[in-house]
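Worksheet: one structure, shown below.
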């Protein structure tokens, strides 16, 4: 079939880098001049996989089954991450008995790798349809199935015709999300959304629904954050269709009917909503996550500008800001002037860096997976808040660099995955939360109290620091944190 959206990779974005380090001001000036070059790590602890984020984007869709054409290890990622998160999500919705996700693997072995795995794929699809009777079957490619040349497109087309002849209308949708396809794991989101358009929505042109806004959000958003975003949008007269997590077939088919589109952060669905603008004329906005007052204000104002709801948005912003001002001021008396380091995904990291500004804290260093020229303005806003000298480590994971840097910097607070930072005795907390809202003005208070709690109750981390071994040998901490980084030569 002719795809409306071809497979693309984010590595080709202008100024893309996933290996670099420097001060924010230095990197931003290089990116602005189109001369920010990728460095090279001679040692990496691993990076995230494109296929995993395609799984994350699609696994919760109702009335679907995901066939992962891979060895068993790849499907294990779906169980470990996506399905576990979905079960937590269902619990917090009060819907423990809601239908489970359906994931089945072809479990490729040596025989299939040598002789081809398409026969195994046909058999697995038939078993999936027999067990679950889905509306949509997603067929996910893997490194192994792509290396041996299995044609998942041809299999999908053949199965759709086969079941149609039996009187069953089932959509078979291939997803080319091989792990080696891109070093930017957010490419997996793009490929999943392109599949929804190419194989599910296709050329549908439903009438526009007044006040409907598509809100494209990653799987890492909790149910509480989704409800908080809906509350804020309802307050200015808009109805949110949150996608794709836990969406129904009907929700997906409403995508072209929306009057407006917004992505919850800079690297999720930004490419897709540009396509929707071109195909359906739907206006869109791409902003950072609504974490902290500054980012939430900016998020709301961007949406209000799309919908002509500026007056309603300003009234809501004033009321919500007034409601949290006293408590923010109380917490700020404890946190003002403290130094913080953080690690988070790109969109969440930008927003978290503005949150600590709400509480008078200064940013020492920031670990973010990617950089490209689209983020220049975001870093400029952070520099207006924190100065130009904070260190930006562009690293997809690589905790060995992060823990080395934190041991040297000794920040007052660390925001991010704290399992290894805790051994340094640093007060720490994770900005992700599966139960309570971290978004919006309510999220400002909740995260502020988490900062306060981390500072007031740090005995556990202190004991770990005193009585447990550090994550790495002492020799590593004596070296430069970026010893394994080979920076490109400047022209």
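Of all the listed residues (205, 185), the sole one being surrounded by fewer than 21 Cβ atoms within 10 Å (Cβ to Cβ), touching a helix residue (DSSP H, G or I) at 6+ places or on another chain (Cβ under 8 Å), assigned to a loop (DSSP other than H, G, I, E, B) and touching a residue at least 60 places away in the same chain (Cβ under 8 Å) is 205.
Out of 450, 462, 478, one residue alone is closer than 17 Å to residue 411 by Cα and without any contact (Cβ under 8 Å) to a residue 24 or more places away in the chain. It is 450.
For segment 367-393, the set of residues classified as modelled with pLDDT of 95 or more and within 25 Å of residue 50 (Cα to Cα) consists of 392, 393, listed by residue number.
All of (1) in contact with a strand residue (DSSP E or B) (Cβ under 7 Å, 6 or more places away or on another chain); (2) at pLDDT 95 or above; (3) more than 30 Å from residue 224 (Cβ to Cβ); (4) not in a helix (DSSP H, G or I) hold for residue 159 with one exception: (4). Restricting segment 127-143 to residues that are surrounded by fewer than 21 Cβ atoms within 10 Å (Cβ to Cβ), in contact with a helix residue (DSSP H, G or I) (Cβ under 8 Å, 6 or more places away or on another chain) and outside any loop (DSSP other than H, G, I, E, B), the residue that is modelled with the lowest pLDDT is 143. Looking at the structure I just gave you, is residue 401 in a helix (DSSP H, G or I), touching a residue at least 40 places away in the same chain (Cβ under 8 Å) and in contact with a strand residue (DSSP E or B) (Cβ under 8 Å, 6 or more places away or on another chain)? Here the answer is yes, as residue 401 does meet what is asked. Select from segment 370-397 the residues that are assigned to a loop (DSSP other than H, G, I, E, B), crowded, with 20+ Cβ neighbours inside 10 Å and in contact with a helix residue (DSSP H, G or I) (Cβ under 6 Å, 6 or more places away or on another chain) and list them in ascending order. Hits for segment 370-397 are 370, 390. Note on segment 415-441: among residues that are assigned to a helix (DSSP H, G or I) and at pLDDT 95 or above, the one that is farthest from the chain's Cα centre (by Cα) is 441. Of the residues making up segment 144-156, those that are surrounded by 14 or more Cβ atoms within 10 Å (Cβ to Cβ) and either in contact with a strand residue (DSSP E or B) (Cβ under 8 Å, 6 or more places away or on another chain) or under 21 Å from residue 2 (Cβ atoms) (or both) are 151, 152, 153, 155, 156.
Would you confirm whether any residue within segment 341-352 is over 29 Å from residue 49 (Cβ atoms) and either modelled with pLDDT of 95 or more or surrounded by fewer than 24 Cβ atoms within 10 Å (Cβ to Cβ) (or both)? Within segment 341-352 (the criterion being over 29 Å from residue 49 (Cβ atoms) and either modelled with pLDDT of 95 or more or surrounded by fewer than 24 Cβ atoms within 10 Å (Cβ to Cβ) (or both)), the answer is no, since none of the residues qualifies.
The values are calculated or read from the model by the stated rules, or taken from the named source; none is laboratory data. Remember, it's a predicted structure, so these values are computed and weren't measured experimentally. Quick reminder, even Gly has a Cβ in these numbers, built from the backbone with ideal geometry, and neighbours come from all protein chains shown.
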